[in-house]
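Following: one structure in structure tokens, then a few remarks.
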Amino acid sequence: MIKTAKVFFFLILLSSCVPHKDILNFQGDSSLERNVSKINEEPYKIQVNDILYIDLKSTNSELVSLFGSSNQNQANVQYTESTTYFNGYSVDKQGFVNLPYLGKINVLGYTTNEISQKIKNELARFFVNQDEVFVNVKLAGFRYIILGEVNSTGTKYLFQNSVNIIEAVANAGDIPITGNRKQVQVLRRTKDGVKKYDIDFTKLDMFNSDVFYLEPNDIIYVPPIKQKTLGTGTNGIQTLTTVISALSLFTTTYLLFKRL
């Protein structure tokens, strides 16, 4: 019976170790890299609850200051989630932002470049020459949520125009050995409801995924590998320790009952 138990635990040892190929990213023949198609990133269109950073610059600093902007050098300003939230312009449920003197402007479904032009057109009644004013519109921080088997979960912000999933995961401290790199999930809210996409980080063709470039408010979930759920360890040493402990307990229990 003890021999049977040893065989059983040996099989557990073999099945519970994480294969080396399952923890390597971007696997594939390097000669095939040229076949990875170039991602034609479509400009992001503003959605409800987005926060916009809107800045106006002009030679007429007094007039521009009425709109809450200035010509001062802002290179030393430290932007954080809180400063962008309180200083930015939130898109309301109807898709409008409310700007000083200009009133409500519809921005829902428009790109930042299109919104810049719309604001510039509205400013025509204040500026004789539109070329005298420069309008800068950006997303006030790229927000996403990451959960599961990463080293730092939670709501994350990146202050850049676009974010791909590699940057998002790296910003969360990468995926540890307990994370399932083959089934990283992206949940995205669309007008047709919530959609779920799977990305395999171990494959080079992940760069061709429809969700390689994220959209604001996307949710990333990294599920655990089966070995973590079973609690048998994620590498050979951990698994061997678990098996030896279980085998020792089984043997001791068996000998005690045999003496009775």
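Odds and ends about this structure:
- For LEU99, nonlocal amide neighbours, meaning residues 5 or more places apart or on other chains whose placed amide H falls under 5 Å from its own, are LYS104, ILE105.
- Taking amide H atoms as placed 1.01 Å from N in the peptide plane, the amide H of LYS203 lies under 5 Å from those of PHE26, GLN27, each 5 or more residues away in sequence or on another chain.
- Restraint check, LYS156/LYS226; LYS57/LYS120; LYS45/LYS93; LYS93/LYS138; LYS120/LYS156, Cα-Cα greater than 21 Å: LYS156/LYS226; LYS120/LYS156
- Note, ³J(HN,Hα) from phi for region 118-126, Karplus 6.51, -1.76, 1.60, rounded to Hz, x at Gly and Pro: 4, 5, 4, 5, 5, 6, 4, 7, 10
- Shown in residue order for region 172-182 are the 3J(HN,Hα) couplings computed by the Karplus curve 6.51 cos²θ - 1.76 cosθ + 1.60 at θ = phi - 60°: 9, x, 6, 9, x, 4, 7, x, 8, 5, 7 Hz (x for Gly and Pro).
- Note on LYS195: aspartates and glutamates with a C-alpha under 15 Å away, same-chain residues under 8 apart excluded, are ASP210, GLU215, ASP218.
- From phi via Karplus (6.51, -1.76, 1.60), per-residue ³J(HN,Hα) for region 137-151 in Hz, x at Gly/Pro: 10, 9, 5, 7, x, 8, 9, 8, 10, 10, 10, x, 8, 10, 6
- Neighbours of ARG188 by Cβ distance under 9 Å: Lys/Arg scored +1, Asp/Glu scored -1, total +1.
Any read-out appearing in this document is the output of simple, stated calculations on the displayed coordinates, not a laboratory observation. Given the structure is predicted, the values throughout are model-derived calculations rather than measurements. Don't worry about glycine lacking a Cβ; one is built from the backbone with ideal geometry, like all the others, and counts go over all protein chains shown.
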